[in-house]
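The values are calculated or read from the model by the stated rules, or taken from the named source; none is laboratory data. This structure is a prediction, so every number in the text was calculated from the model and none was measured. Neighbour counts are summed over all protein chains in view; Cβ atoms, including those assigned to glycine, are modelled from backbone coordinates with ideal geometry.
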Amino acid sequence: MITILNYGMGNLGSIVNMFKHIGVAALVSGDAEQISNAEKILLPGVGAFDSAMQGINAMDSIREVLDHKVLVEKVPLLGICLGMQLLTQSSEEGKLPGLGYILGHTVRFPAFASLKVPHMGWNLIHQVNPSPLMENLPEEPRFYFVHSYHVQVEKKANCIATAHYGIDFDAVIQQDNVFGAQFHPEKSHKFGMNLLENFARL
């Protein structure tokens, strides 16, 4: 069972539908007791960094339970899109600290002369380090992105895959049991299905 954290900011319906499509049981919950029993946790996110952190921090006992599940019990956690950015220590988009599960920061794309920000659409990713999250994917899989900010991890070993949009940026990250994907796997067809199946098998 995968528990999808409902804190008011996420494309929950599409994520649930994708898990149903691949035959994986998923529960959407913002209840601390249900989160405390989670075998795996998915952290979605659409919107602004500070609003998301405020939402998580305002929920009764959720932050404490989440920290315990991830840092003590070592339950697998996957953050997607904004959810990946929340895994870092901070973001240029806001003032609040992030969850800090992976050493790194979230920064805005520079102003490009010929490219629009946000980065929106399909893009290749390039694997640079091994991870069970990337098993059985083709050499250059394509995923769907929508974001104006991107993650910069402090340790190269925590970057699993990069993508290029004017600059190279971290597209998939991992530190122990914590995983992040900047793209939307629920909108990325067969490639997204493969990645979510890999997460379900962890």
Could you list all residues from segment 179-196 that are under 9 Å from the mean Cα position of the chain (by Cα) and within 15 Å of Ile2 (Cβ to Cβ)? Phe179, Ala181
Any residue at all in segment 127-146 that is in contact (Cβ under 8 Å) with a residue 60 or more places away in the chain, in a strand (DSSP E or B) and either more than 18 Å from Arg201 (Cα to Cα) or in contact with a strand residue (DSSP E or B) (Cβ under 6 Å, 6 or more places away or on another chain) (or both)? yes
Quick check: anything in segment 170-189 surrounded by fewer than 18 Cβ atoms within 10 Å (Cβ to Cβ), aliphatic (A, V, I, L, M) and modelled with pLDDT of 95 or more? no
Does segment 63-70 contain at least one residue that is closer than 17 Å to Asn158 by Cα and either under 15 Å from the mean Cα position of the chain (by Cα) or assigned to a helix (DSSP H, G or I) (or both)? yes
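Conditions (1) of a type in the set (D, E, K, R); (2) in a strand (DSSP E or B), marked per residue:
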{"residue": "Glu93", "(1), (2)": "yes, no"}
{"residue": "Gly100", "(1), (2)": "no, no"}
{"residue": "Val107", "(1), (2)": "no, yes"}
{"residue": "Ala113", "(1), (2)": "no, no"}
{"residue": "Val117", "(1), (2)": "no, no"}
{"residue": "Met120", "(1), (2)": "no, yes"}
Does Met59 satisfy the criteria of being in contact (Cβ under 8 Å) with a residue 40 or more places away in the chain and crowded, with 22+ Cβ neighbours inside 10 Å? no
The condition of being crowded, with 20+ Cβ neighbours inside 10 Å and either over 18 Å from Gln152 (Cα atoms) or at pLDDT below 95 (or both) holds, among Leu99, Leu5, Leu82, only for Leu5
Could you tell me which of the residues Met84, Met9, Met59, Met53 is under 22 Å from Ser131 (Cβ atoms) and among the aliphatic types (A, V, I, L, M)? Met84
Matching entry among Gly10, Gly47 (being surrounded by 20 or more Cβ atoms within 10 Å (Cβ to Cβ) and at pLDDT below 95): Gly10
Which residue pairs have Cβ atoms under 7 Å apart, sit 6 or more places apart or on different chains, and have a first residue in segment 104-117 that is surrounded by 15 or more Cβ atoms within 10 Å (Cβ to Cβ) and a second that is among the charged types (D, E, K, R)? Gly104/Glu154; Thr106/Glu92; Thr106/Glu93; Val107/Glu92
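Listed here are the residues, each with its yes/no results for (1) within 17 Å of His164 (Cβ to Cβ); (2) β-branched (Val, Ile, Thr).
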| site | (1), (2) |
| --- | --- |
| Val72 | no, yes |
| Leu82 | no, no |
| Leu87 | no, no |
| Gly100 | no, no |
| Lys116 | yes, no |
| His126 | yes, no |
| Ser131 | no, no |
| Phe145 | yes, no |
| Val151 | yes, yes |
Can you tell me which residue within segment 13-31, out of those that are of a type outside the set (S, T, N, Q) and surrounded by fewer than 16 Cβ atoms within 10 Å (Cβ to Cβ), is modelled with the lowest pLDDT? Gly13
